[in-house]
1. If you check Arg187 against the conditions, is it under 22 Å from Glu45 (Cα atoms), in the same structural domain as Leu62 (by TED's automatic domain parsing) and part of a loop (DSSP other than H, G, I, E, B)?
2. Name the residue that is farthest from Val67 (Cα to Cα), counting only residues in segment 109-140 that are among the β-branched types (Val, Ile, Thr) and assigned to a loop (DSSP other than H, G, I, E, B).
3. Can you name the condition, by its number, that Asp12 falls short on among (1) surrounded by fewer than 16 Cβ atoms within 10 Å (Cβ to Cβ); (2) under 14 Å from the mean Cα position of the chain (by Cα); (3) closer than 30 Å to Thr156 by Cα; (4) not β-branched (Val, Ile, Thr)?
4. Within segment 172-231, how many residues turn out to be at pLDDT below 90, more than 26 Å from Thr64 (Cβ to Cβ) and among the β-branched types (Val, Ile, Thr)?
5. Residue by residue through segment 2-26, note down the ones that are hydrophobic (A, V, I, L, M, F, W, C), out of contact with any Ser or Thr (no Cβ under 8 Å at 6 or more places or on another chain) and in contact (Cβ under 8 Å) with a residue 24 or more places away in the chain.
Amino acid sequence: MEFIVLLKQVPDLAEELEIDADGTDLARDWLSYVTSEWDEYALEEALQLRDQAGGSVTCLALDTGSVDELLATCLARGADRVVKVGSFERQPASHVAAAAFAAALRDMPHHLVLTGVQAIDDLDGQVGPLVATLLDLPHVSVVTHIAVGPDGRTATVHQEYAGGVVAELEVDLPATLGVQTSRETPRYAPVSRVRQLMKTMEVGSVEVSADGGAGLVIEAMSVPEVSATAEMIAGSPDAIAERIAAILAERGIGKAAVR
């Protein structure tokens, strides 16, 4: 079976983030990037499925000029092949990313296309559904378990809902899945191995022309306002209740409630 994993780089939240001069994006000149956490789950799940069902795992990433380490890490973790898609100055919006991935996948054999359910820098979770729409494939998101059928034509997946509810669905293959978590913690890739692969790895390249539309448009960004420190209320239940009532009254809440 052919397993495809779509990966994305996102800003490293361990670094200090600043807003650019226009107030519509992060200042990216000095940003460090890491692989999206949910995409790492998707890769681990693909590797687990390959080891069970046979086949190969191919990792795709949009070429933003700085994805070699990401792709080398995929190989160090066990991927069979890595491919750069298109050429972009920076990570594009979800609609453009999906159009680029879909264009590459049209000429690439695939049974299961896995990607993270979302990414920290947009949280819209649209790449998987959009790729599925463009390729006319079924899609399931928020997936927490995948089992390929013995005939290789279907897969049983678990989809997570709020309140601990889980649905079990059967999906025809080929299909795209948005992975919420993997059955195992993503495997460790030794830094020395990643560095070695960056010098010797063979990276496929797919040129695409992708125009997916604007998608989400950020009109403004701002740093969260600093609020006053919390007041810790100690004492007996009666004393605590009296203090809470006094605070509400000071803010006009208690008086409004009485009226």
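1. yes
2. By that ranking, first place goes to Val117.
3. Against the list (1) surrounded by fewer than 16 Cβ atoms within 10 Å (Cβ to Cβ); (2) under 14 Å from the mean Cα position of the chain (by Cα); (3) closer than 30 Å to Thr156 by Cα; (4) not β-branched (Val, Ile, Thr), Asp12 comes up short only on (3).
4. Number satisfying all stated conditions: 2.
5. Leu13, Leu26
Residue by residue, here is whether (1) among the aliphatic types (A, V, I, L, M); (2) buried (at least 20 other Cβ atoms within 10 Å of the Cβ); (3) over 24 Å from Arg81 (Cβ atoms) holds:
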site	(1), (2), (3)
Gln118	no, yes, yes
Thr144	no, no, yes
Asp172	no, no, yes
Val179	yes, yes, no
Glu184	no, no, no
Ser209	no, no, no
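The values are calculated or read from the model by the stated rules, or taken from the named source; none is laboratory data. Remember, it's a predicted structure, so these values are computed and weren't measured experimentally. Reconstructed Cβ throughout: ideal geometry from the backbone, glycine too, with neighbour counts over all protein chains shown.
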